[in-house]
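Q: Let me begin by handing over the structure; questions about it come next.
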Amino acid sequence: MRDPQIELEPQVTLRLLGIRKTFGRLVALDDVSFEVRRGEVHALLGENGAGKSTLMAAAAGAIAPDAGTVEICGRRLERADPRLAQAMGLSVVYQHPSVVDDLTVAENLALSVPKVSRPSYRGLRAWAAERLAVVDAHIDPRRRVGELGVAERQLLEIAKALAADARVVVLDEPTESLTATESRELFAQIERVRRTGTSVVYISHRLPEVRRVAERITVLRDGQVRATADARELSDEEVLRLIVGRSVQQTFPEKGSDVQAGEEVPTILEVAGLTGHKLSGVDFSVRRGEIVGLAGVEGNGQRDAIRALAGLVGHHGTVRVRGREVDTKNPARARRAGIVYVPHDRHREGLFGAMSVKENLSLLVLREVESAGVLRREREEAFAGSQVDTFDIRPPRTDIPAENLSGGNQQKVVMARAIAAEPVVLLADEPSRGVDVGARIEIYNVLRRVADGGAAVVIVSADAMELAGLCDRVLVFSRGQIVESLAGDDLSEERITGAAITARVERSEPGARREERGKLGRAARSDASPGVILGLLVVALALGTGVGHSLFFGSRNVNDLLFLATILCLGGIGQLTVLLRGSFDLSVGPMMGLTVVIMSFFATSGAGLEGLLVGGCVAAGAGVLVGVTNAFLIRSLGIGPVISTIVTYIGLQGVSLLLRPQSAGPIGTSVISAVQVSAAAIPVVFLVTAGIAIAAEMYIRRTQRGRELRAVGSDEERAFRMGAHVGSSLVLSHVVCSLFAVGAGILLTTQVGIGDPTIGASYTLTTLAAAVLGGASIFGGRGSYVGAFLGGLLIQEAITSTSFLGLPQAWSEWLPGVLILGGAALYSRLRKRASGETVAELV
């Protein structure tokens, strides 16, 4: 509950004064002032690119304005820092969800709330379920966010913002992915938080929603405030005129005359017996000039049907285009058949963010802008320019990265590219998602023009009003089947919604089987599953080798094997740390080699344990220096981690050769004995390393800093928005990696017994293989320390086994590779089978 002395709080909870922000030559915000009162729902409206999201990003500390001030609850935001803005009481639900894919739902929620509100590890799941229930989100807190659909991500984002108990909540297009029921629950929650004194900034393109929740309206256009008024004082026509700068007469175009008149029209698309994940014997057809909508409660197969036709998910059944049976087993084959797909998630499937607007627009029409296989820039520029003008893409520049556009303008790019491909069948999944009212009207007109031009158009939308106004016919799905077809006078928003929520069909798959498969899927997709598989492979290989060779289990061989494995395990743990952070370190091997050289100067005969300690400290100091250097090259100079650590790799090799041009400096026997001490044939360092792996595993799963490390590695920008320590985590991860390399180097020193300057180079790839084999993603955010430990053990066991099995020397290199491939293939196969989904063919 809010403090009972709520009247003492500032009457204005958010105030932005004179905000100006430019991106190169583009002026995104020009002297914008905006304020929100305590307990008020204030709608912020404007076209795509008007500056709404940029203004709220400045308020949230995600970007630094060029000029102006931000005040939250009466206190000035001194610097652009999302953590500071959150601590002052502001929380944002971004238009593009800032949840982190590689963390679970519960971990995302915990990462976003202040320390005082954060639950214990044991209570995390129950706490997360309570937070999700607030927005009526039926999501398992244990699910990884990367497995969620767009609507589920949006609900999680909203739950995350409300869980922070903020004084100001910014909702940026919160209902774009929600069903009508979910939207109503959100509106009720907005009213509840408003009554506690919380202010809400509501950004939306949907005027009925604004009328329902907002007390005041501010309109932005071209980066400037055009009006701020009481919502009751402005009519819809006046609001639209302020938004688009002109009068808007009609939302939906006239429907197809031939189709509506009931004339005989050729069939363009025929679908028979479409069956797959969430689909069961779907039959329908689309005539020339017809727009057919697919509706239903989210998750009932309508989206799976359109994705199957696009070749994105595996399926069975017959698909005919213009009477000819076509193969839609993958997107390339579907495209050759004249089927073009507009995805509902433009960021994952529709847009190439780092490529320019021009390059995105021309991807499906490359033959028209090339000559003799060579791309003609002038043709591409002319084509892209015409599309920018036609779809009013802002800013009207084709050379900027597509990721720099606002969400609605990104959607225009995706739509323009699809239309330019002249589809025979156009599949549009949520075509107006995230676009302003003016752009939405233009998209509706474009879809109707495509249909009138002779194509078949199929759209999926969660907006029943959109389907009723735009489509000639709507097919309502329930549990993977079409339960009703609506057309003519029967086609209305009420009939679509009613058919969707009153359907009584049953799925063909037993519920118990689905539940069992869901549990198996969670286990197979978890970070722990590679470790389980590795453990089984370690046991299987040991038994397979030891059955015919009793010496394999001899105390000496076991001791040697485990000691050598410990070297790989320590290096693998270090490698995993930087991989979790989303970085890379190729200097691990040379760092191990430099440690061997350093130890050869200190841990000599007669130096005793004092020499071991001094040498270890000097090597550790060098490791810290190397880790900081790697982080500096990556973070401060902007050099990629691969290039940066290759430079360090070369530098360390050179230092080692400078100190020891050739092998010299024998290691003292007392040092070797101290490091290689064993307990019942098991090296103590092996047991210590196993303990470190378990402790590190608990750290990244159960602590806030551990979650932050994985979050930053998964998506640095989103983690930054959530308040994670982005810069310090990079430095810390590289320092930790180098220190583990030092530890591995000390063990290697006692194994080789002399200062060999070249001994460490080969360990870079084997330690990296141990981490990857243990489930680490080279893209960051995923992995297991226990898995990396078992990966190192398996690689060394494979190398040792080759001599007992009488295999040629080459197999000491090949066998670990075979095991790595086998383990990865088995893990991937189990994960696919557990998910219960078939995927499209790759070729």
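Q: Can you find a residue that is modelled with pLDDT of 70 or more and either outside any helix (DSSP H, G or I) or farther than 22 Å from residue 701 by Cα (or both) anywhere in the range 820-837?
A: Among the residues of the range 820-837, at least one is modelled with pLDDT of 70 or more and either outside any helix (DSSP H, G or I) or farther than 22 Å from residue 701 by Cα (or both), which makes the answer yes.
Q: Name the residues in the range 622-640 that are in a helix (DSSP H, G or I) and open to solvent by 40 Å² or more (accessible area, probe 1.4 Å), would you?
A: Within the range 622-640, 624, 625, 628, 629, 632, 635, 636 meet the criteria.
Q: A further question follows. Conditions: (1) touching a Ser or Thr at 6+ places or on another chain (Cβ under 6 Å); (2) among the polar types (S, T, N, Q); (3) crowded, with 17+ Cβ neighbours inside 10 Å. Residue 285 meets all but one. Number of the miss?
A: Evaluating residue 285 over (1) touching a Ser or Thr at 6+ places or on another chain (Cβ under 6 Å); (2) among the polar types (S, T, N, Q); (3) crowded, with 17+ Cβ neighbours inside 10 Å leaves (3) as the failure.
Q: Would the range 740-750 turn up any residue that is part of a helix (DSSP H, G or I), at pLDDT 90 or above, open to solvent by 40 Å² or more (accessible area, probe 1.4 Å) and within 26 Å of residue 629 (Cα to Cα)?
A: Yes: the range 740-750 contains one or more residues that are part of a helix (DSSP H, G or I), at pLDDT 90 or above, open to solvent by 40 Å² or more (accessible area, probe 1.4 Å) and within 26 Å of residue 629 (Cα to Cα).
Q: Exactly one of these conditions fails for residue 611: (1) over 19 Å from residue 758 (Cα atoms); (2) modelled with pLDDT of 95 or more. Give me its number.
A: Only one criterion is unmet by residue 611, namely (2).
Q: If you don't mind, another one. Take the residues of the range 421-438 that are open to solvent by less than 20 Å² (accessible area, probe 1.4 Å) and outside any loop (DSSP other than H, G, I, E, B): which is modelled with the lowest pLDDT?
A: For the range 421-438, the residue satisfying everything is 438.
Q: Go through 307, 324 for me and flag whichever is loosely packed, with under 15 Cβ neighbours inside 10 Å and under 20 Å from residue 283 (Cα atoms).
A: Sole residue among the options that is loosely packed, with under 15 Cβ neighbours inside 10 Å and under 20 Å from residue 283 (Cα atoms): 324.
Q: Does residue 316 count as modelled with pLDDT of 85 or more and open to solvent by 40 Å² or more (accessible area, probe 1.4 Å)?
A: yes
Q: Given the condition at pLDDT 90 or above, small (Gly, Ala, Ser) and part of a loop (DSSP other than H, G, I, E, B), answer yes or no: does some residue in the range 144-164 qualify?
A: The answer is no; no qualifying residue exists.
Q: Please go through the range 463-480 and give me each residue that is touching a helix residue (DSSP H, G or I) at 6+ places or on another chain (Cβ under 9 Å) and within 25 Å of residue 392 (Cβ to Cβ), ordered by number.
A: 463, 465, 466, 467, 469, 470
Q: On the given criteria, is residue 605 in contact with a strand residue (DSSP E or B) (Cβ under 6 Å, 6 or more places away or on another chain) and either without any contact (Cβ under 8 Å) to a residue 40 or more places away in the chain or of a type outside the set (A, V, I, L, M) (or both)?
A: Answer is no for this residue.
Q: Same structure again: What are the pairs, 6+ residues apart or on separate chains, where a residue within the range 287-298 that is at negative phi and in contact (Cβ under 8 Å) with a residue 12 or more places away in the chain has its Cβ under 6 Å from a residue that is surrounded by fewer than 24 Cβ atoms within 10 Å (Cβ to Cβ) and of a type in the set (Lys, Arg)?
A: Taking only residues 6 or more apart or on different chains, the pairs are 292/473.
Q: Anything in the range 120-168 that is of a type outside the set (Gly, Ala, Ser) and under 18 Å from residue 191 (Cβ atoms)? List them, or say none.
A: Those that are of a type outside the set (Gly, Ala, Ser) and under 18 Å from residue 191 (Cβ atoms): 134, 135, 136, 155, 158, 162, 165, 167, 168.
Q: I need the full set of residues from the range 177-232 which are of a type in the set (Gly, Ala, Ser) and either surrounded by 19 or more Cβ atoms within 10 Å (Cβ to Cβ) or touching a residue at least 12 places away in the same chain (Cβ under 8 Å) (or both), in order please.
A: Correct list: 177, 180, 183, 197, 199, 204, 214, 223, 227, 229, 231.
Q: Give the residues of the range 60-83 that are under 24 Å from the mean Cα position of the chain (by Cα) and open to solvent by 20 Å² or more (accessible area, probe 1.4 Å), sorted by residue number.
A: 62, 63, 80, 83 - these are the residues of the range 60-83 that are under 24 Å from the mean Cα position of the chain (by Cα) and open to solvent by 20 Å² or more (accessible area, probe 1.4 Å).
Q: Go through (1) open to solvent by 20 Å² or more (accessible area, probe 1.4 Å); (2) outside any loop (DSSP other than H, G, I, E, B); (3) under 24 Å from residue 41 (Cα atoms); (4) not β-branched (Val, Ile, Thr) for residue 130 and report which single condition fails.
A: For residue 130, the failing item is (3).
Q: Hey, another quick one. Restricting to the range 652-667, and then to whatever is of a type in the set (A, V, I, L, M, F, W, C) and within 9 Å of residue 600 (Cβ to Cβ), can you tell me which residue is nearest to the chain's Cα centre (by Cα)?
A: Taking the candidates together, the pick is 659.
Q: Does the range 651-698 hold any residues that are surrounded by fewer than 14 Cβ atoms within 10 Å (Cβ to Cβ) and in contact with a helix residue (DSSP H, G or I) (Cβ under 6 Å, 6 or more places away or on another chain), and which are they?
A: The one that is surrounded by fewer than 14 Cβ atoms within 10 Å (Cβ to Cβ) and in contact with a helix residue (DSSP H, G or I) (Cβ under 6 Å, 6 or more places away or on another chain): 677.
Q: Another question, then. In the range 571-609, which residue that is touching a Pro at 6+ places or on another chain (Cβ under 8 Å) and either farther than 12 Å from residue 760 by Cβ or not aliphatic (A, V, I, L, M) (or both) is most open to solvent (accessible area, probe 1.4 Å)?
A: 605
Q: Something else about it: Among the residues of the range 106-115, is any among the basic types (Lys, Arg), touching a residue at least 40 places away in the same chain (Cβ under 8 Å) and part of a loop (DSSP other than H, G, I, E, B)?
A: no
Q: So which pairs qualify, if the first residue must be in the range 701-722 and free of Cβ contacts under 8 Å to residues at least 60 places away in the same chain, the second must be among the β-branched types (Val, Ile, Thr) and open to solvent by less than 60 Å² (accessible area, probe 1.4 Å), the Cβ gap must be under 6 Å, and the two must be at least 6 apart or on different chains?
A: Close Cβ pairs satisfying both conditions: 706/700.
Q: Sticking with this one: Considering each residue of the range 751-793, count those that are open to solvent by 10 Å² or more (accessible area, probe 1.4 Å), in a helix (DSSP H, G or I) and among the small types (Gly, Ala, Ser), and give that number.
A: Qualifying residue count, the range 751-793: 1.
Q: Is it the case that some residue within the range 70-82 is touching a Ser or Thr at 6+ places or on another chain (Cβ under 6 Å), closer than 22 Å to residue 203 by Cβ and modelled with pLDDT of 85 or more?
A: yes
The values are calculated or read from the model by the stated rules, or taken from the named source; none is laboratory data. Predicted model, so just to flag it, every value in this text is computed and none were measured. With ideal geometry, Cβ positions are generated from the backbone for all residues, glycine too; neighbour counts draw on all protein chains shown. Please note that ligands, DNA and RNA were not included when accessible areas were found on the heavy atoms of the full protein model with its side chains. Shrake-Rupley method; radii C 1.70, N 1.55, O 1.52, S 1.80 Å.
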